[in-house]
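S.K.: For reference, the structure I am asking about is given below.
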Amino acid sequence: MIVVLKQKATRAQVDAVIREVRKLGYKPHPIIGVERTVVAAIGDERSRHTLETLTALPFVDQVMPVQRRYKFVSREANNKGSQVEIRGHAFGGRKFQVIAGPCSVESERQIIETARAVKKAGATFLRGGAFKPRTSPYDFQGLKQDGLKLLARARAETGLGIVTEVLSEADVGLVAEYADVLQIGARNSQNFSLIIAAARSGKAILLKRGMSMTIEEWLLSAEYILSHGNSKVILCERGIRTFENMTRNTLDLGAVAVAKTETHLPVIVDPSQGAGRADIVGALSRAAVAVGADGLIIEAHPSPQEALSDGAQQVTLPQFFDLMTGLKPFIRAADRL
Ligand code: PEP
Ligand code: MN
């Protein structure tokens, strides 16, 4: 950390900063300039008390970190990039993985029909919410355990792995009994007690970026999972809230490129929540391949106009098939399989 003192700080004030830095476990190294004095604090910032509190001193101008705040997820920890293997499918390898399925599990017929169709189109995992985080308490909340059972039936039928959201710490055990991948949704991606409980389940975790989360905050949420002993994390960009209203969210593909340089974890894209409209899901999927994403999670439904959640953004099953066909040349061009 670098502690920058205000101009005209006195020697006594510099000494006060030096004392505080030492007290917090760092080795102080003052650099006295003509205009200003800075005190470099030497020590691992990740395992020591933060020095940011020093900004409370009236003669301190700013405190700047020189190290990143995350270590396990940092690219430095694994420069090659890590692969998360689930049911024999690796995320983060050469194969571009596609997860697809309805926003919500609604009925046996709906989920089985969808599972068969998305598998035929090339998806390797089935998504579907059994516990739904809805903005209104009057909207469909999901089939809960019955929905999980239907997902398990779809897996038995097709062999597709199951990705489904866990909304609360109390449900982690139940959801983990059925799912191959626990999804932590955008509304919960800084719910650290839920994240820690999910990490402890030992299941792979799909960590969405929160809708108003910085990339650093997103990576620090992932750091919670790795620092609790679970390295099976897949990051998912799903759009952030901006002033734009012709899309539901603003899909931040720049964040995908940044995440791929900052962390070794696989990063996938959710163009469905990102767009909020089915007509541009294909275009955003192709863009995701080009920017270096490791996969996609796409909402597809046999009859989107009848969907109990997110109808406007779900593609039909034939549209999903066409989308996957259209994606192939882009996957090849990106040197992926
Ligand atoms: C979803 O995948 O249906 C969902 C609710 O996603 P998010 O948490 O990204 O909004
Ligand atoms: Mn949805």
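S.K.: Whether any residue in region 314-322 is open to solvent by 40 Å² or more (accessible area, probe 1.4 Å), touching a Phe, Trp or Tyr at 6+ places or on another chain (Cβ under 8 Å) and either under 15 Å from LYS119 (Cα atoms) or more than 16 Å from ligand 2 (Cβ to nearest atom) (or both) is what I want to check.
M.R.: For region 314-322, residues open to solvent by 40 Å² or more (accessible area, probe 1.4 Å), touching a Phe, Trp or Tyr at 6+ places or on another chain (Cβ under 8 Å) and either under 15 Å from LYS119 (Cα atoms) or more than 16 Å from ligand 2 (Cβ to nearest atom) (or both): absent.
S.K.: Of everything in region 122-154, what is crowded, with 20+ Cβ neighbours inside 10 Å and assigned to a helix (DSSP H, G or I)? Give them in sequence order.
M.R.: GLY147, LEU148, LEU150, LEU151, ALA154
S.K.: Run SER104 past the list (1) in contact with a strand residue (DSSP E or B) (Cβ under 8 Å, 6 or more places away or on another chain); (2) open to solvent by 30 Å² or more (accessible area, probe 1.4 Å); (3) within 16 Å of ligand 2 (Cβ to nearest atom) and report the number of the one that doesn't hold.
M.R.: Failing condition for SER104: (2).
S.K.: Which of the residues belonging to region 112-142 are among the hydrophobic types (A, V, I, L, M, F, W, C) and within 14 Å of ligand 1 (Cβ to nearest atom)?
M.R.: Scanning region 112-142 gives PHE125, LEU126, ALA130, PHE131, PHE140.
S.K.: Another one. Among the residues that make up region 201-220, is at least one of them among the β-branched types (Val, Ile, Thr), open to solvent by less than 10 Å² (accessible area, probe 1.4 Å) and touching a helix residue (DSSP H, G or I) at 6+ places or on another chain (Cβ under 6 Å)?
M.R.: Yes, because at least one residue in region 201-220 is among the β-branched types (Val, Ile, Thr), open to solvent by less than 10 Å² (accessible area, probe 1.4 Å) and touching a helix residue (DSSP H, G or I) at 6+ places or on another chain (Cβ under 6 Å).
S.K.: Please give the number of the condition ALA293 fails out of (1) open to solvent by 20 Å² or more (accessible area, probe 1.4 Å); (2) more than 16 Å from ligand 2 (Cβ to nearest atom).
M.R.: It is condition (1) that ALA293 fails.
S.K.: If you don't mind, another one. Tell me yes or no: at least one residue of region 302-316 is within 14 Å of ligand 1 (Cβ to nearest atom) and under 29 Å from ARG68 (Cβ atoms).
M.R.: Within region 302-316, none of the residues are within 14 Å of ligand 1 (Cβ to nearest atom) and under 29 Å from ARG68 (Cβ atoms).
S.K.: Taking the residues in region 114-127 that are of a type in the set (Gly, Ala, Ser) and touching a helix residue (DSSP H, G or I) at 6+ places or on another chain (Cβ under 6 Å) as candidates, determine which candidate is farthest from PRO304 (Cα to Cα).
M.R.: Ranking the qualifying residues of region 114-127, first place goes to GLY122.
S.K.: Still on this model: Are there any pairs, at least 6 apart or on different chains, whose C-beta atoms fall under 7 Å, with the first in region 30-58 and more than 11 Å from ILE18 (Cα to Cα) and the second open to solvent by 90 Å² or more (accessible area, probe 1.4 Å) and part of a loop (DSSP other than H, G, I, E, B), and if so, which?
M.R.: Listed pairs, sorted by first residue: GLU35/GLN7; ARG36/GLN7; ARG46/ARG69.
The values are calculated or read from the model by the stated rules, or taken from the named source; none is laboratory data. Here the structure is a predicted model, which is why all the values come from computation and not from measurement. We place every Cβ from the backbone using ideal geometry, glycine too, and count neighbours over all the protein chains shown. Just so you know, the surface numbers come from the protein's heavy atoms only, side chains and all, with ligands and any DNA or RNA stripped out. Shrake-Rupley method; radii C 1.70, N 1.55, O 1.52, S 1.80 Å.
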